[in-house]
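The values are calculated or read from the model by the stated rules, or taken from the named source; none is laboratory data. If you're wondering where the values come from, they're calculated on a predicted model, not measured in any experiment. Note that each Cβ is placed from the backbone with ideal geometry, even for glycine, and that neighbours are counted across all protein chains shown.
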Amino acid sequence: MHELKLISNCEHQLKPIVAAALENELRLIEAGIRQTEQCLLKFEKQFQLQTLDFIVGYENDELEETMDFIEWIGEFRLLERLREKADTLRNIRFAN
């Protein structure tokens, strides 16, 4: 468990401001997740191949390297990072 302590000289309470910022960031990341998932679906339809099957084939050098495949792998890796960030934000709790 990691802990973060924020200190401010302002009279305003920090908790509502930080909570709103975290919620907004999570909304933006979730929008990015949806958009990235749509990109992956387009590739799946175009190549008649599920993304996870594509990843296995790509990582095992079973597929020719094309610009579409480079973009597909990039979208997949982006989705992984976005999901990790969203999970991190969802698990933030205020101590007090």
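Within the range 34-51, identify whether any single residue is hydroxyl-bearing (Ser, Thr, Tyr) and closer than 30 Å to residue 1 by Cβ, and answer yes or no.
Scanning the range 34-51 turns up at least one residue that is hydroxyl-bearing (Ser, Thr, Tyr) and closer than 30 Å to residue 1 by Cβ.
The single condition among (1) within 16 Å of the chain's Cα centre (by Cα); (2) closer than 22 Å to residue 1 by Cα that residue 74 does not meet is (2). Considering the range 48-60 alone, what residues qualify as being among the charged types (D, E, K, R) and either within 30 Å of residue 15 (Cβ to Cβ) or surrounded by fewer than 11 Cβ atoms within 10 Å (Cβ to Cβ) (or both)? Across the range 48-60, the qualifying residue is only 59.
Scanning the range 61-95 for residues that are hydrophobic (A, V, I, L, M, F, W, C), assigned to a helix (DSSP H, G or I) and either at pLDDT below 95 or exposed (fewer than 12 other Cβ atoms within 10 Å of the Cβ) (or both) yields 67, 70.
Here residue 45 meets each of (1) touching a residue at least 24 places away in the same chain (Cβ under 8 Å); (2) exposed (fewer than 10 other Cβ atoms within 10 Å of the Cβ); (3) not aliphatic (A, V, I, L, M) with one exception, condition (1).
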